[in-house]
1. Going through the range 377-392 one residue at a time, which ones are under 23 Å from residue 364 (Cβ atoms) and buried (at least 20 other Cβ atoms within 10 Å of the Cβ)?
2. Among the candidates 154, 186, which residue alone is within 30 Å of residue 380 (Cβ to Cβ) and part of a loop (DSSP other than H, G, I, E, B)?
3. Considering (1) under 30 Å from residue 53 (Cα atoms); (2) in a loop (DSSP other than H, G, I, E, B), say which one residue 168 fails and leave the rest.
4. Anything in the range 236-251 that is in contact with a Ser or Thr (Cβ under 8 Å, 6 or more places away or on another chain) and of a type outside the set (Asp, Glu)? List them, or say none.
5. If a residue has to be more than 22 Å from residue 279 (Cα to Cα) and touching a residue at least 12 places away in the same chain (Cβ under 8 Å) to count, how many in the range 313-338 make the cut?
6. Any residue that is small (Gly, Ala, Ser) and surrounded by fewer than 16 Cβ atoms within 10 Å (Cβ to Cβ) - is there at least one of those in the range 240-251?
7. Has the range 215-229 got at least one residue that is of a type in the set (Val, Ile, Thr), surrounded by 21 or more Cβ atoms within 10 Å (Cβ to Cβ) and either on the phi > 0 side of the Ramachandran plot or assigned by TED's automatic domain parsing to the domain that holds residue 357 (or both)?
8. Taking the conditions exactly as written (more than 18 Å from the chain's Cα centre (by Cα), closer than 20 Å to residue 239 by Cα and not aromatic (Phe, Trp, Tyr)), does residue 172 satisfy them or not?
Amino acid sequence: MRGTTHVKVGIFLIPMLLGGQPVSAQTVDAETLRQEIAQLRKDFETRLSELEARLTAAIGGQTAPVAQPPGGLTTVEVPPGAAGAGGPSGALPVYGPVSVASKIFNPDIAVVGDFLGAAGRNTVNPSPALEMHETELSLQAIVDPYARADFFVAFGAEGAEVEEGFITLPTLPWGLLMKAGKLRAAFGKVNTMHNHILPWTDRPLVTNNLVGGGEGMSDAGISVARLISNPWIFLEATGEVYRGTSEIFSSATRGDLSYVGHLRGYHDLTDNANVDLGASYARGGSAFAGELGEPRFHTDMWGVDAAVRWRPLQRAIYRSFLGRSELVWRRDEQSAGRERTFGFYASGDYQLARRWFAGARYDRADRVGDAGQRDSGQSVTLTYWPSEYSQVRGQYRRVKYAEGPVANELLFQLLFSIGAHGAHTF
């Protein structure tokens, strides 16, 4: 007992001899318990992450990732075969206190805003002074080693709709690539573009008058494409079949489908320049349905598109030029006979500096259903790119409508995006 008492007194006096204050046993026990609780919590979180990784590996048939020390960068391997289907390869980093599988199984999400303003006079087709023209939500991901999925939902003044939603199968036999879902038809170039990809604030008159405007040829269907091997040029053929109901075509029965074919050729002229040529054909039920008992009417469309690109290798980020043109012929069967219409546009965009672009466009297009009526217009644009995630564009547009009035407008556009938006077709 005497020796024990001396030990206790010694322990009590040690802090005092060192210049400190006496520490009670209760304080020592509390601090120890806090440290033990913190260590248990850290060990539990580490063990839980390891078990989640093993469970994911067991379900997906992959090797479990190696556990990383707390505070370090955690990585997880991409599922086998995903890289071959056009997805990422190797290890993907996982940030924050989340499951190691979340980076893989969550789709890439992006939102693009399209804000428009207009000033001037237009009595035929006026635009609001200010409007949030469109907000696009995109969801894109690898489904499995054999497919990927893309969804684009557009929100506008009239509500929300699926602009496109389709699955892509890139590994079919005979080198075929198939898409199924709601698609923008491969007719020309402008019809396949979403609004925020256009180099102008609006769509050309030929698109509005003959190809259905912003919605255009967009319908539920199946698309099959194949590269045609040859020693001269890159050649791609695409064949599509749709339900038959869109801004252009009208379907009266289940078998009243619409069809689209497109042939694209690409060739490098020099190290700095290339040319892209295309030819399109579409056929479907006519919007001019006719009277009861009359034969079913049809609409036929032909199109030719061309693009010339110049981008010098030494100054690629400062100088470039892109010239575009599309010509469209349309034939509509009606009770009074066949109506033939034609339209085209030609445009050029030149890069002035690293972030500045200037462009010009000429339009001319007949009107469907108004024989002999034709609209024509001219536009100039100036675009500033603060970064790849935003654009500021101004456009002066002059349109002479078939009714006689001439519209002079100054248009303003602000585009901005957040999230991981995938690359668009070249």
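1. 377, 379, 381
2. The conditions single out 186.
3. (2)
4. Residues satisfying the conditions are 238, 239, 241, 242, 243, 244, 245, 246, 248, 249, 250, 251.
5. The qualifying residues number 9.
6. No: zero hits.
7. No: the range 215-229 contains no residue that is of a type in the set (Val, Ile, Thr), surrounded by 21 or more Cβ atoms within 10 Å (Cβ to Cβ) and either on the phi > 0 side of the Ramachandran plot or assigned by TED's automatic domain parsing to the domain that holds residue 357 (or both).
8. In short, yes.
The values are calculated or read from the model by the stated rules, or taken from the named source; none is laboratory data. Not measured: the values here are computed from a predicted model. Counting neighbours? That spans all protein chains shown, and the Cβs are built from the backbone with ideal geometry, glycine included.
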